[in-house]
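Here the structure is laid out as structure tokens; the discussion comes afterwards.
Just so it is clear, none of the values below were taken in a lab; they were calculated from the coordinates. Everything numeric in this text was worked out from a predicted model, so none of it was measured. Cβ: placed from backbone, ideal geometry, glycine included. Neighbour counts: every protein chain shown.
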Amino acid sequence: MQIEIWSDVICPWCYIGKRRFEQALAQCGQRKDIDIIWRSFELDPNAPQQHPGTLNELLARKYGVSAQQAAEMNARVSGVAQQVGLEYRLANARPGNTLAAHRVLHFAAARQQGELALERIMHAYFCESLPVGDHAALAQLAPQFGIAENEVLTMLASNDYRAEVRADESRAAELGITGVPFFVFDGKTGISGAQPVEAFTEILKQA
């Protein structure tokens, strides 16, 4: 079975969905016939490298709500994240353009370290205040998934892996994917959103 998962590293529901999916896999046993492919999706391709201000302020502008309402939204999401063992610190999150992060993920995947890199970058953004658009900050994480800092900086200074990110996004558009996380099982069955563990378990058992 091939499972493709479109996500963005700054999407709080993507990290929650990742954890729930992992729990479903564990419940079904780590089947060797499952091939998981993580695909790139940018929620805001036109975002600046680093947004000024806080995530609460950004969400308030985006959705036309007060900073207090945005903080309450983040608190609710953080509560859900806590249920799957994630300690979000969204008040300190440093959002920005995620193209560089997705390029790093493709770079890591080419070295069979893609899933480890995804986990590390997501955790750093949501729980450790990683400035997600900062090339140097991304490079500093690289040794934790088996790649030297200077290799990541050299890659990001080139055009490498831009085409791979765009190919993932083009495929998402072809499939009509407009939000993430989005899971596609064997190119046929699609599931949108951070579904309950039981929903993932049901599909995995049917395969």
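Structure above, values below:
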{"item": "Partner lysines for Lys205 [C-alpha distance under 30 Å; skip if fewer than 8 residues away on the same chain]", "result": "Lys18, Lys32, Lys188"}
{"item": "Segment Gln69-Gln144, extension gain: residue separation times 0.36 nm, minus the distance between their alpha carbons", "result": "23.4 nm"}
{"item": "Relative contact order (percent, whole number), the chain, Cα cutoff 8 Å, 6+ residue spacing", "result": "33"}
{"item": "Approximate spin-label separation Arg61-Asp35, in nm, with each point projected 7 Å along Cα-to-Cβ", "result": "4.3"}
{"item": "Free-standing Cys, the chain [no other Cys Cβ under 4.7 Å]", "result": "Cys28, Cys127"}
{"item": "Phi to ³J(HN,Hα) by Karplus 6.51 cos²θ - 1.76 cosθ + 1.60 over segment 137-147, Hz, x for Gly, Pro", "result": "5, 5, 5, 5, 7, 3, x, 6, 10, x, 10"}
{"item": "Projected label distance in nm at Glu128 and Arg171, using a 7 Å step from Cα toward the beta-carbon", "result": "2.8"}
